[in-house]
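Let me begin by presenting the structure, written as structure tokens, before commenting on it.
We did not get these values from a lab; they are worked out from the coordinates using the rules stated. No experiment lies behind these values; they were computed from the predicted model shown. As a convention, Cβ positions derive from the backbone with ideal geometry for all residues, glycine included, and neighbour counts pool all protein chains shown.
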Amino acid sequence: MTEAMIVDQQTIPNLEHSNGIQTTNGVEKKKYSKENIPRLPRELTPFATFTIPMELDQRGPLFKGPGAKRDTGRYKVRSADDDNVKRAKKFAMEQSVKYVLVRQQQYQQRTQLDILKKQQALLLMCRIYIGSINFELNEAMLKTAFAPFGPVKAVSLTFDPVTNRHKGFAFLEYEIPEAAQLSIEQMNGVILGGRNIKVGRPSNMPQAQPIIDQLTEEAKNYNRIYIASIHQDLTETDIQSVFEAF
């Protein structure tokens, strides 16, 4: 080793470390670490690289690379698979037809049920209850009293088998529901055979009330009215001349 490389330990400066400050022979020097050294942006560094965009000519023939010749892994349809597809289409068609037929059958059943309910409601609307009837009155007398409001279909008096007399009430059925409604409005409380009779709807009428309300709303769409108790000598022309004023 040369003399320049030989260093006496006494000449080594005294180093003291305290909170990142280095002291050499009483002189304080700041100690910098990598974290404390400020960094410049990449754009300002002398070795920053710059890329210049180049315009490439993208016109020309297109060549297929080796990847285009590689198998894509698609499943090849076999004859058995073709048969399965045909059977699936046939099954789907059968199910579709079956569904349509079931819907049509359900619609027909609902339509028939609605028609039946309307018919039952019309029958109930044609019937009236007559109470507080004199025991001297019979079915023929009741029919005569209620005939002016419309054609009477039937009169039913309930008889007591012991006394062989009716129980004081009856059910009368008209051929049209308007006649029943008109008789209720006109005959309720009228004196017949010395008694004030009671005329109203049967007790089972509320069961068909929703259908009756529906029929009433549908009837408002027709410009027709019901006229009862017309004299036999009057003609259609006479009736037309009476109602022409309205």
(request) Calculate one ³J(HN,Hα) per residue across the stretch 107-123 by plugging θ = phi - 60° into the Karplus curve 6.51 cos²θ - 1.76 cosθ + 1.60, and present them in order as whole Hz with x for glycine and proline. (result) 5, 5, 5, 5, 5, 5, 5, 5, 5, 5, 5, 5, 5, 5, 5, 5, 5
(message) Run the simple label-point estimate for Lys153 and Gln186 please: 7 Å along Cα→C-beta, distance reported in nm.
(response) 2.0
(request) Return P(r) of the stretch 194-246 (all Cα-Cα pairs; 10 Å bins starting at 0; whole %; ordered from short to long distances). (result) 15, 28, 28, 27, 2
(request) From zero up to wherever the largest Cα-Cα distance of the stretch 105-246 sits, split into 5 Å bins and tell me the percent of pairs in each. (result) 2, 8, 15, 17, 16, 13, 12, 8, 4, 2, 1, 0
(request) Find how much the distance from Gln209 to Arg224 grows on full extension, using 0.36 nm per residue of separation minus their present alpha carbon separation; answer in nm with one decimal. (result) 3.2 nm
(message) If I model a spin label as a point 7 Å beyond the Cα along the Cα-Cβ vector, how far apart are those points for Val85 and Ala140 in nm?
(response) 8.7
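At a Förster radius of 51 Å, what calculated FRET efficiency corresponds to the Cβ-Cβ distance of Glu94 and Glu173, to the nearest 0.05? Mind dumping the intermediate values first?
Numbers: r = 51 Å, r/R0 = 1.00.
E(calc), rounded to 0.05, equals 0.50.
Per 0.36 nm of contour for each residue apart, how much would the distance between Thr111 and Val242 grow if the chain were fully extended, relative to their Cα-Cα spacing?
On the way: separation 131, 0.36 × 131 = 47.16 nm, distance 4.06 nm.
Here the segment from Thr111 to Val242 would lengthen by 43.1 nm.
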(request) Kindly state, to the nearest 0.05, the FRET efficiency for Gln104 paired with Val162, given R0 = 51 Å and r defined as their beta-carbon distance. (result) 0.35
(request) Grab the stretch 114-246 and count how many Lys pairs have their alpha-carbon atoms under 21 Å apart, sequence gap of 8 or more, or different chains. (result) 9
